[in-house]
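A.B. asks: Provided herewith is a single structure, encoded as structure tokens, for subsequent inquiry.
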Amino acid sequence: MLGDFLNPYYLQVASFIMINIILGLSIYVTLSSGQLSLGNAGFMGIGAYTSALLTINYDMPIVVSVIAGAIVAGLVGILIGIPSLRLTGVYLAIATLGFGEVIRVFMINWESLTKGAVGLSGIPQIGRELLKVSRDAGFNPLDIGLKNNQYVYLLVLIILVIINILLIWFLVRQNKSRVGRAFAAIKMDEKAAEAMGVNITYYKVLSFVQGAVISGFAGALFAHVMGYISPADFSYHRAVEILIFAVFGGSEVIWGSIFGATFMTLMPEVLRFISEYRYMIYGAILILMMAFRPQGIIDVPLLQKLQLSKRRGKHGSKN
Amino acid sequence: MLLEQLINGITLGSIYAIVALGFTLVFGVLGIINMAHGEIFMFGAFVGVMVTSTLGWPIWMAFLAAIIVTAILGYMLERFALRPLRGKKGVSHLAPLISTIGVSILLENLSHHLFGAGNHPFKNAFAEIHFTIGSITIYVVQIVIFVISVVLMMALSYWLSKTRAGKALRATAENLDTASILGVNTRQIITLTVVMASAMGGIAGILVGMAFNSVNPQMGLSMGLKGLAIIILGGMGNVKGAMAGGLILGLAETLIVAYGDSGYRDAIAFLAIIVILLIRPQGLFGQKTSEGRP
């Protein structure tokens, strides 16, 4: 039966991969216009807390609150983005890093709202809510041979996969559009892009806010998948982890962050002994990548090579 | 009461200034932000703990050992994380930043494994010695910290402005290529700068250990971020700015702990960064450039 193949643990790891891919995409979007934002962990926290608090305190449906979380993160992104974009390069990185820390300090200290360092627990989980809904509709997971927790994790994973496909589709489309070309032009040379008539402020804010919305969205999903969040989930380490996804996988192409997020989430799970030294390995990876392959594992020439060999393979099979 | 708080603030501020000087030297010469500086500082503090508590040696030995260890770490940082990126074509200006973030994460977690999480007590013989003038209590440690910081800052200023190596360093900071053409061994100067900045971080580590009597692996990150805030406040690559910025932040933090909400102490530095970057991006002491920021 289907139930024998679905290990809830694997399903959960797969869900984390999906959430991390969204986070990887969030830093990819800002990097695609040549800006390094280290505030994505902060935006993720805003999204997570907004969504969690809305569901806990106001009994909002999860769909609404997740969207609200992403929107609030985006609004804060606009507030931070417009002034911060007077800054470029390392200054923007530091300002956004500072922003992330401010958010974390507020999450710890605003105890009446956020319960401080202890964190929020009892956040409604997407899977369990859906289980309730399907029970009410008279459907029992056991009818198709699934245990409750298998059903729950499977549903969550399916939802996340759909979200990821939509998001990647959107970003791939955007890359080929006017907006994507403007991002690329700004990344190449800001002044030249401005001289060519690209409204650089608009596009820079746009890419920054897109990053904020996507990470807020990821944070909100994270809250409703985990059921528990605390300020420690959105610390500097999270910011570095998100950065690793893009740097390791490749920051020039969208597939880079996707690959990076998948690989970096799987690695500590597959190699248990690594888990203890995880952050040390992250550090070493950052240093080595910068020294030997600053563009990341997956870059444009590699993709072209892959495509070429695929085409050749097809050609060969025809003959 | 206020006077006592001011003394606390100046003590804290002079340590911040030393940390910030390490950042500002590296930024001035290499134009990069050394995110690993906070962790090197933390290693210095741990060397102090090892020497004074575990081995039971006097405090001056701790200074010596911390300087040696952090100088070696600084050399390794330059050799393995910065030099490979230099002069390479097509490397983004963000690469050294990311590379030093790598070093910082590596060192922080290395110290977790070496020394364990949690707080480590920092013993020194004169921690409790104090005297009172009127209603004010002053600890000897505070005076020692202040004197060491001031001497260090004066020595650095003198070295930078008067000696041959100091002038070479400033020339390199001004323009690396021109300095190189004029016969400055820029490679040596760069290594020297990073090593010196790291050693200053090590000294600051011992000073912090003396001031707070406790050391933990997380302090590198928070101190590093504050150091960044200070150099932005004072102007990037500006030595005087780093000193003044350190004092301002130290005073502001002490006052908010005394008269406001202590929980928000760590947020001040970052709010200051954001505000200063928006109002006066070149920093309090920096000069305005027509180019805008690099």
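The values are calculated or read from the model by the stated rules, or taken from the named source; none is laboratory data. Keep in mind the model is a prediction, meaning the values are calculated, not measured. Positions of Cβ are backbone-derived with ideal geometry, glycine not excepted, and every protein chain shown enters the neighbour counts. Just the protein is used for accessible areas: all its heavy atoms, side chains included, with ligands, DNA and RNA removed. Shrake-Rupley method; radii C 1.70, N 1.55, O 1.52, S 1.80 Å.
A.B. asks: Say each of A:SER134 and A:ILE297 gets a label point 7 Å from the Cα, pointing the same way as Cα to Cβ; how far apart are those two points in nm?
C.D. replies: Placing both labels 7 Å beyond Cα along the Cβ direction yields 3.3 nm.
A.B. asks: Additional query: Nearest 10 degrees, 0 to 90: what angle lies between the long axis of helix B:2-30 and the longest principal axis of chain B (Cα atoms)?
C.D. replies: 20
A.B. asks: Let me ask another. Taking a point 7 angstrom from the Cα of B:GLU174 along the C-beta vector, which residues in the range B:1-42 have backbone N less than 19 Å away?
C.D. replies: Under 19 Å, as judged by backbone N against the label point of B:GLU174, lie B:25-31 of the range B:1-42.
A.B. asks: To continue, here is another question. For chain B, set up a Gaussian network in which alpha carbons nearer than 10 Å are linked by springs, and say which option among B:ILE15, B:ILE206, B:ILE145 fluctuates the most.
C.D. replies: Taking springs between Cα atoms under 10 Å, the residue moving most is B:ILE145.
A.B. asks: Can you tell which of B:VAL275, B:PHE285, A:ILE162 lies farthest toward the positive end of the dipole of the protein assembly as shown, using +1 and -1 charges on the Cβ of basic and acidic side chains (Lys, Arg; Asp, Glu)?
C.D. replies: A:ILE162
A.B. asks: On a 0 to 90 degree scale, rounded to 10, what angle separates helix B:140-162 from the longest Cα axis of chain B?
C.D. replies: It works out to around 20 degrees.
A.B. asks: Related question: How big is the charge dipole of chain B about its Cα centre, in debye rounded to the nearest 20, if each Lys and Arg gets +1 on its Cβ and each Asp and Glu gets -1 on its Cβ?
C.D. replies: The calculated dipole for chain B is roughly 1000 debye.
A.B. asks: If you don't mind, another one. On a straight-distance basis, which lysines could pair with A:LYS310 in a cross-link, Cα separation under 19 angstrom, same-chain partners fewer than 8 positions away excluded?
C.D. replies: Reachable lysines: A:LYS318.
A.B. asks: To the nearest 20 debye, what charge dipole does chain A have about its Cα centre, counting +1 at the Cβ of each Lys and Arg and -1 at the Cβ of each Asp and Glu?
C.D. replies: It works out to roughly 1120 debye.
A.B. asks: Show me the ranking of peptides A:29-36, A:42-49 by mean Cβ neighbours inside 10 Å, starting with the highest.
C.D. replies: Descending packing order for the listed peptides: A:42-49, A:29-36.
A.B. asks: Just read off the accessible area of A:LYS305 with the full protein assembly in place, 1.4 Å probe, to the nearest 10 Å².
C.D. replies: 140
A.B. asks: FRET efficiency for A:SER309 and A:ILE162, Cβ-Cβ distance as r, R0 = 30 Å, nearest 0.05?
C.D. replies: Efficiency, rounded to the nearest 0.05: 0.50.
A.B. asks: Please give the FRET efficiency for B:HIS113 paired with A:TYR10, using the beta carbon to beta carbon distance and R0 = 30 Å, rounded to the nearest 0.05.
C.D. replies: Efficiency computed from Cβ-Cβ geometry: 0.50.
A.B. asks: Straight-line reach from B:LYS226: which aspartates and glutamates have Cα under 19 Å away, leaving out those fewer than 8 places along the same chain?
C.D. replies: Excluding near neighbours in sequence, the set is A:GLU101, B:GLU39, B:GLU108, B:GLU253, B:ASP261, B:ASP266.
A.B. asks: Let me ask you something else. Putting +1 on Lys and Arg Cβ atoms and -1 on Asp and Glu Cβ atoms, find which of A:SER275, A:ALA192, A:ALA41 reaches farthest to the positive end of the dipole of chain A.
C.D. replies: Checked the options; the winner is A:ALA192.
A.B. asks: How would B:VAL26, B:VAL239 line up by accessible area, probe 1.4 Å, largest first?
C.D. replies: Descending accessible area places them as B:VAL239, B:VAL26.
A.B. asks: Let me ask something additional. Relative contact order of chain A: what whole-number percent is it, with Cα pairs under 8 angstrom and at least 6 residues apart?
C.D. replies: Reported as a whole number, the value is 33 percent.
A.B. asks: I'd like the orientation of helix B:219-234 relative to chain B: the angle between its Cα long axis and the longest Cα principal axis, in ° from 0 to 90, rounded to 10.
C.D. replies: Approximately 60 degrees, to the nearest 10.
A.B. asks: If you build the Cα gyration tensor of chain B and take the root of 5 times each eigenvalue, what three semi-axes come out, in whole angstrom, biggest first?
C.D. replies: Values: eigenvalues 185, 101, 68 Å².
In descending order, the three semi-axes are 30, 22, 18 Å.
A.B. asks: Shifting gears a bit: Report the accessible area of B:SER180, computed with a 1.4 Å probe over the heavy atoms of all protein chains in place, in Å² rounded to the nearest 10.
C.D. replies: 60
A.B. asks: Something else about it: Can you tell me the dipole magnitude for the range A:115-192 around its Cα centre, using point charges on the Cβ only (Lys, Arg +1; Asp, Glu -1), in Debye to the nearest 20?
C.D. replies: Dipole size: approximately 300 debye.
A.B. asks: Okay, moving on. Report B:ARG86's accessible area, 1.4 Å probe, all protein chains in place, as a number in Å² to the nearest 10.
C.D. replies: 80
A.B. asks: Which residue, A:ALA70, A:ALA212, A:ALA14, has the most motion in a Gaussian network model of chain A that connects Cα atoms within less than 10 Å?
C.D. replies: A:ALA14
A.B. asks: Ignoring ligands, DNA and RNA, how do A:VAL63, A:VAL213 rank by accessible area with a 1.4 Å probe, largest first?
C.D. replies: Listed by decreasing accessible area, they come as A:VAL63, A:VAL213.
A.B. asks: Please name which of A:ASN148, B:ILE67, A:MET290 has its Cα lying farthest along the dipole of the protein assembly as shown towards the positive end, using unit charges on Cβ (Lys, Arg +1; Asp, Glu -1) and the Cα centre as origin.
C.D. replies: Result: A:MET290, furthest along the dipole toward the positive end.
A.B. asks: What are the membrane-span-like helices in chain A by this rule: whole DSSP H runs, Cα extent along the axis at least 18 Å, mean Kyte-Doolittle hydropathy at least -1.0?
C.D. replies: A:8-31, A:40-58, A:62-84, A:89-109, A:148-175, A:200-226, A:236-249, A:254-270, A:278-292
A.B. asks: Please state the shape class of the range B:203-277: rounded when a/c is under 1.5, otherwise prolate if a/b exceeds b/c and oblate if not, all from the C-alpha gyration tensor.
C.D. replies: Oblate.
A.B. asks: Where does chain A land at 222 nm, in deg cm²/dmol rounded to the nearest 500, when only DSSP H runs of n ≥ 4 count, each adding -39500 (n - 2.57), divided by all residues?
C.D. replies: Calculated from helices alone, the mean residue ellipticity at 222 nm is -25500 deg cm²/dmol.
A.B. asks: Once R0 is set to 51 Å, what does the formula 1/(1 + (r/R0)^6) return for the Cβ-Cβ distance between B:LYS162 and A:ASP189, expressed as a FRET efficiency to the nearest 0.05?
C.D. replies: 0.75
A.B. asks: Here is a follow-up. Taking every Cα atom in chain A, find the radius of gyration and the maximum pairwise distance Dmax, and write them in Å.
C.D. replies: Gyration radius and largest Cα-Cα distance of chain A: 20.6, 71 Å.
A.B. asks: Highest GNM mean-square fluctuation, chain B, Cα pairs closer than 10 Å: which of B:ALA17, B:ALA71, B:ALA95?
C.D. replies: B:ALA95
A.B. asks: Give the whole-number value, in cubic angstrom per residue, of the convex hull volume spanned by the C-alpha atoms of the range B:134-267. Can you show the working numbers first?
C.D. replies: Details: hull volume 17.5 nm³, N = 134.
Taking only Cα atoms, the range B:134-267 has a hull volume of 131 Å³ per residue.
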